[in-house]
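Take a look at the structure set out below.
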Amino acid sequence: MSESIIPVPRWRFALRLASFHLLGSAALAGLAAWLVVKFLYPYPYSEMLGGLHLLLMMVGIDVVCGPLLTLILANPKKSKRETCVDFALVIAIQLGALSYGIHTVHLARPVHYAFDHDRFTVVTAAQLSDEDLAKAPENMRSLPLYGVEQISLAAIPPEEMQDSVLLSLGGIEPVARPNLWLPLDAAKETADVRAAMKPVRHLIQHRAAQQAAIKQKLAEINLPEAEAYYLPFTSDKNKEWIALLNKQGEIVGYLPIDGFIDSGKNNA
């Protein structure tokens, strides 16, 4: 006498499929987030620009909703074809949402930074229109697909200085004006940075609450305090970061600290 086949309970079947789906979704979302942080928002941009909030939200929704839909739709009574169709539709929805999130953060990615008198300033792709980019030098009209490139800025003619100040007050810094862009002149940039950079010990005196964080960072990057300098490292969204520099004027680290101190003097 043949034994009757005991049907698998729907909840157990659905839970098993949803568990596998959850693992796959988490792995894919984790890989996508890692690639975005690695190539589009390397440190410190991932923290100072705050452009990853939407992606993280989309990833969270993706990881939760995909397996949840599988849990609802999975049924051992469905044919293998029906199950595959359900699964394919859920995955298509997930991939669409994830792609939208990645596309959105790509549009807002940082693209250039430049030294500007007493600070470094970052510009994002979202700040630049096609009309703006048409005013850039011909070889600089295409933005990098990933990574943040250093550029130089042209001197502002005296007759345009007042307009430039008004634009800056309105949140449009020189680095966000492609008509001022120039290919990087490394020698000139280094000389200008070294002339403007300030000793970290001066920052420690005026930012006593961050003294421990500063000294810890210097230890991490193996930079003696006597040879450490800094400049503000800013964007249109955040003015409270600094770039740590060695005595050659090279950026060797970053910290989330307000670097604007009126009385600072450079004694490099």
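The values are calculated or read from the model by the stated rules, or taken from the named source; none is laboratory data. This one's a predicted model, so the numbers in the text were calculated from it and none came from an experiment. Please note: Cβ atoms are built from the backbone with ideal geometry, for glycine as well, and neighbour counts cover all protein chains shown.
Observations
- Subset of the stretch 152-166 that is polar (S, T, N, Q) and surrounded by 12 or more Cβ atoms within 10 Å (Cβ to Cβ) - its residue that is modelled with the highest pLDDT: SER152
- Only residues that are buried (at least 20 other Cβ atoms within 10 Å of the Cβ) and basic (Lys, Arg) were counted across the stretch 20-49, and they come to 0.
- Residue check for ASP130: among the charged types (D, E, K, R) and under 24 Å from the mean Cα position of the chain (by Cα): yes
- Exactly one residue out of SER164, SER168, SER235 is over 26 Å from TYR41 (Cα atoms) and of a type in the set (S, T, N, Q): that is SER164.
- Residues of the stretch 50-65 classified as more than 13 Å from ALA32 (Cα to Cα) and surrounded by 22 or more Cβ atoms within 10 Å (Cβ to Cβ), total: 1
- Residue within the stretch 99-109 that is over 22 Å from ASN238 (Cα atoms), of a type in the set (Phe, Trp, Tyr) and under 19 Å from the mean Cα position of the chain (by Cα) present: yes
- Leading residue by the ranking (surrounded by the fewest Cβ atoms within 10 Å (Cβ to Cβ)) among those in the stretch 80-129 that are among the β-branched types (Val, Ile, Thr) and over 23 Å from LEU52 (Cβ atoms): VAL85
- Whenever a residue of the stretch 95-121 is within 30 Å of PHE260 (Cα to Cα), its partners that are in a helix (DSSP H, G or I) and acidic (Asp, Glu), lying with C-beta atoms within less than 8 angstrom and at least six residues away or across chains, give the pairs PHE115/GLU189; PHE115/ASP192.
- Candidate set from the stretch 146-187 (those that are among the charged types (D, E, K, R) and without any contact (Cβ under 8 Å) to a residue 24 or more places away in the chain); member that is farthest from ASP132 (Cα to Cα): GLU159
- For the stretch 223-259, the tally of residues that are more than 25 Å from the chain's Cα centre (by Cα) and either among the basic types (Lys, Arg) or surrounded by fewer than 18 Cβ atoms within 10 Å (Cβ to Cβ) (or both) stands at 6.
- Beta carbons closer than 8 Å, at least 6 apart along the sequence or on distinct chains, pair a first residue in the stretch 123-145 that is free of Cβ contacts under 8 Å to residues at least 24 places away in the same chain and under 26 Å from ASN238 (Cβ atoms) with a second that is in a loop (DSSP other than H, G, I, E, B) and of a type in the set (D, E, K, R) for ALA125/ARG109.
- Test for ILE214: is it touching a residue at least 24 places away in the same chain (Cβ under 8 Å) and in a helix (DSSP H, G or I): yes
- Selected residue [in contact with a helix residue (DSSP H, G or I) (Cβ under 6 Å, 6 or more places away or on another chain) and surrounded by 14 or more Cβ atoms within 10 Å (Cβ to Cβ)] from PRO178, PRO199: PRO178
- Test: residue in the stretch 221-234 that is closer than 30 Å to GLU138 by Cβ and free of Cβ contacts under 8 Å to residues at least 24 places away in the same chain: no
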